[in-house]
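Asker: Take this structure first; my questions come after.
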Amino acid sequence: MSRQSELAELSRVYDSSALSNRNILINGSGQVYQRGSGTIVTSGTVFGVDRFKFSTANMDNIAGTFTQDSDSPDGFGNSMKATITTAESVIAADEYAYIAQLVEAQNLQQLSYGTSAAKQLTLSFWVKSSITGTFAVGLYKPDNTAQIHNLTYTINSASTWEYKTLTFAANTLSGGAVNNDNGVGFYVNWHLAAGGDYKGGGSTSGWSSYANNKWADGQATDAVITTTSATFQLTGCQLEVGDSATPFEHRTFSDELTRCQRYYNRSYPYGTATAAADNNTPIHHMSRGGSYNIIGQFFHPRDMRAAPTVVLYNPNNGTVNQLKGDGSSFANAAVLKNTAKGACMFVNATSITETVFLSVHATFDAEL
């Protein structure tokens with residue numbers, strides 16, 4: 001597409017106030033990678049690049065990694081990559097696997113869901129898979145009446161970057177409203193495998209009331225999950241209002257990091273592994289011995305979505321729920337106060353009788 005055509009398309013689909021901040025998704029190009037590699041498990045959720053999770057249910061064999069990778073199409077520096085190191089032997093009826101980003105509800109009010117003014121959404125992305133075939137991608141809305149809308153796309157060439165665009169119908173159904181709060185507005189799901197319990201219900205023609213057999217409707221390819229060494233990569237993921245895809249909205253690294261920190265942040269410097277031995281930048285405070293000693297406080301870089309789950313680490317060796325004292329002195333640490341703005345840590349330090357320098361690292365998780 002020429003530069004003139006791009007500008008004409010932008011002018012047609014968006015007014016001048018919507019030319020920026022049009023991508024509803026955060027970290028769609030996989031730039032921000034605070035957590036490090038996620039380990040894929042038989043049932044559960046792991047994160048790789050920020051805001052994107054890999055989820056499985058009821059599997060028996062699967063193992064792998066979900067990580068950031070430098071392999072990407074032109075114009076991008078990173079992708080998210082799932083690698084299957086142990087394949088699932090067969091996809092049973094109650095098993096599924098998918099990659100998703102959950103979007104905060106109050107960020108979706110412009111869609112006017114549940115009214116006659118509801119808007120269409122277009123999802124665009126680059127995908128590279130060692131497995132070809134037909135895959136489902138969908139929106140699932142849990143608020144009010146749970147509703148779902150899936151579409152399908154085809155990966156035509158193995159291990160080749162391909163660009164896909166899909167347009168979802170406007171949700172005018174009764175009960176379609178998305179609450180104006182900090183909960184889940186909807187899931188954006190890239191399905192990788194689904195057993196018979198989760199497809200066949202008919203959700204690819206538009207929005208409909210949710211049922212389990214609509215979750216991954218249209219998913220026809222399970223081989224990513226049932227093939228050892230299979231890979232699946234995404235980047236340039238963009239969800240925007242309208243019936244057409246516009247060029248990917250590249251944000252600065254700082255901007256994407258700030259957006260991600262609403263959902264996850266940590267005291268470790270960017271690029272330092274969580275739970276690493278790192279004595280350079282821990283949370284710290286001067287504290288005197290006693291039965292109840294506040295040892296440090298942390299103010300989040302921005303307000304988090306909600307009061308986060310806090311995990312504390314000893315800066316000397318990464319041990320969970322420990323703090324570092326002078327020399328080799330250690331004591332158990334815990335969270336005293338925890339809010340969306342920050343947290344205070346303390347130690348029950350009856351054995352400490354003098355003023356000491358205490359320090360601790362922490363991670364803060366308020367993901368949807």
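Asker: Rounded to the nearest 10 degrees, what's the angle between the helix 3-13 long axis and the longest principal axis of the chain, both from Cα atoms, 0 to 90?
Answerer: Here the helix axis deviates by roughly 90 degrees.
Asker: Next question, about the same structure. Hey, if you put +1 on the Cβ of every Lys and Arg and -1 on every Asp and Glu Cβ in region 179-293, which of ALA275, CYS237, ASN265 ends up farthest toward the positive end of that dipole?
Answerer: Positive-end residue among those listed: ALA275.
Asker: Could I ask something else about it? Which of ALA177, ALA194, ILE131 sits farthest toward the positive end of the charge dipole of the chain, with +1 on the Cβ of Lys and Arg and -1 on the Cβ of Asp and Glu?
Answerer: My answer, from the dipole projection, is ALA177.
Asker: To the nearest 20 debye, what charge dipole does the chain have about its Cα centre, counting +1 at the Cβ of each Lys and Arg and -1 at the Cβ of each Asp and Glu?
Answerer: Values: 23 positive and 29 negative charges, 130 e Å.
Dipole magnitude for the chain comes out near 620 debye.
Asker: How large is the dipole of region 200-265 about the Cα centre if only Lys and Arg carry +1 and Asp and Glu carry -1, each at its Cβ, rounded to the nearest 20 debye?
Answerer: I would put it at about 200 debye.
Asker: If you don't mind, there's one more thing I want to ask. In terms of modelled amide H atoms, which long-range or inter-chain residues lie less than 5 Å from the amide H of ALA307?
Answerer: ALA340
Asker: State to the nearest 20 debye the size of the charge dipole of region 171-304 about its Cα centre, where the only charges are +1 on K and R beta carbons and -1 on D and E beta carbons.
Answerer: Approximately 440 debye in magnitude.
Asker: Okay, moving on. Could you tell me the distance between the Cα centroids of region 299-321 and region 193-243, to the nearest Å?
Answerer: 34
Asker: Can you flag which of LYS81/LYS141; LYS53/LYS341; LYS53/LYS324; LYS119/LYS141; LYS53/LYS141; LYS128/LYS214 are past 21 Å Cα-Cα?
Answerer: Working: LYS81/LYS141 26 Å; LYS53/LYS341 24 Å; LYS53/LYS324 32 Å; LYS119/LYS141 15 Å; LYS53/LYS141 17 Å; LYS128/LYS214 25 Å.
Among LYS81/LYS141; LYS53/LYS341; LYS53/LYS324; LYS119/LYS141; LYS53/LYS141; LYS128/LYS214, the Cα-Cα distance tops 21 Å for LYS81/LYS141; LYS53/LYS341; LYS53/LYS324; LYS128/LYS214.
Each reported figure results from applying straightforward, stated rules to the coordinates on display, with no laboratory input. Since this is a predicted model, take the numbers as computed values, not measurements. Neighbour counts are summed over all protein chains in view; Cβ atoms, including those assigned to glycine, are modelled from backbone coordinates with ideal geometry.
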